[in-house]
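Single-structure report; data block below.
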Amino acid sequence: MSRRASAAALAACGLLTLAACGEEADPDDRNEVSAKLADPDGKKVGTVEIEEDDGATQINVRVSGLSAGYHGFHVHTTGKCEADSAAPDDSSKTGDFLSAGGHLNPDDSAHGEHLGDLPALLVNEDGTGSLEFTGPFTLTDLRDADGSAVMIHAGPDNYANVPERYAPEGPDEDTTKTGDAGDRIACAVIEAG
């Protein structure tokens, strides 16, 4: 190959490389999400990072400024984190982050088996906590038409695991829907895809 042909080939490769570098990635091809966890006053209390790789979804959570103990940790159906908002299915119910709807549960499973039921988040005495695990969902599940929300609750989630000796009639509706995790104290929006 002549020197002139080699130079032309290198120039063409360089232009193709620059063109490829200048293209923006299709948002639907993103394989990771990072979102700010905020309390009802809008104060940042942590971050949640979700990355999908080789069919596995890795979730990493870091928090600070929360009360010590175990906290329910879930994915909710709607990508809204509005303080003092109405529940999408019952506008008479209002409270912090109710706009996020209920737990992500496309199969209408029992509590403890919802796609959005995640491991408990343990916060240390100094108010910090972290959690890393592989999740049961994909980013496509989270970035549907209305997005989703990652939620931290005030108390622990019992996953509706109430022995019959304590509840002969079975767990009540609050337990079967929410695991008695209590108020929603921090929320992060996962935007629609």
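The values are calculated or read from the model by the stated rules, or taken from the named source; none is laboratory data. Since the model is a prediction, treat every value here as computed from it, not as a measurement. No Cβ is skipped: glycine too gets one built from the backbone with ideal geometry, and neighbour counts run over all protein chains shown.
Numbers below:
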quantity	calculated
Top-ranked residue of segment 69-125 - restricted to ones that are at pLDDT 95 or above and among the charged types (D, E, K, R), ranked as nearest to R143 (Cα to Cα)	K80
Meets criteria (crowded, with 16+ Cβ neighbours inside 10 Å, touching a residue at least 60 places away in the same chain (Cβ under 8 Å) and either in contact with a helix residue (DSSP H, G or I) (Cβ under 7 Å, 6 or more places away or on another chain) or more than 18 Å from A181 (Cβ to Cβ) (or both)) for L98	no
Qualifying residue in segment 56-68 (condition: under 21 Å from G179 (Cβ atoms), among the hydroxyl-bearing types (S, T, Y) and in contact (Cβ under 8 Å) with a residue 12 or more places away in the chain)	yes
Test: E49 is within 24 Å of G193 (Cα to Cα), among the charged types (D, E, K, R) and part of a strand (DSSP E or B)	yes
Given (1) farther than 21 Å from D144 by Cβ; (2) not in a strand (DSSP E or B), index of the condition G79 fails	(1)
Yes/no for G116 being closer than 20 Å to E173 by Cα, touching a strand residue (DSSP E or B) at 6+ places or on another chain (Cβ under 8 Å) and crowded, with 20+ Cβ neighbours inside 10 Å	yes
Residues satisfying the stated conditions in segment 165-193, i.e. part of a loop (DSSP other than H, G, I, E, B) and over 19 Å from P106 (Cβ atoms)	R165, Y166, A167, P168, E169, G170, P171, D172, D180, A181, G182, D183
Filtered residues of segment 125-164 (kept if under 18 Å from G112 (Cβ atoms) and assigned to a loop (DSSP other than H, G, I, E, B))	P136, F137, G155, P156, D157, N158, Y159, A160, N161, V162, P163, E164
From the options H114, H74, residue that is assigned to a strand (DSSP E or B), closer than 20 Å to A154 by Cα and in contact with a Leu (Cβ under 8 Å, 6 or more places away or on another chain)	H74
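Every residue, every condition in (1) surrounded by 18 or more Cβ atoms within 10 Å (Cβ to Cβ); (2) under 11 Å from the mean Cα position of the chain (by Cα); (3) closer than 28 Å to D41 by Cβ; (4) not aromatic (F, W, Y), yes or no:
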residue	(1), (2), (3), (4)
R143	yes, yes, yes, yes
E169	no, no, no, yes
K177	no, no, yes, yes
D183	no, no, yes, yes
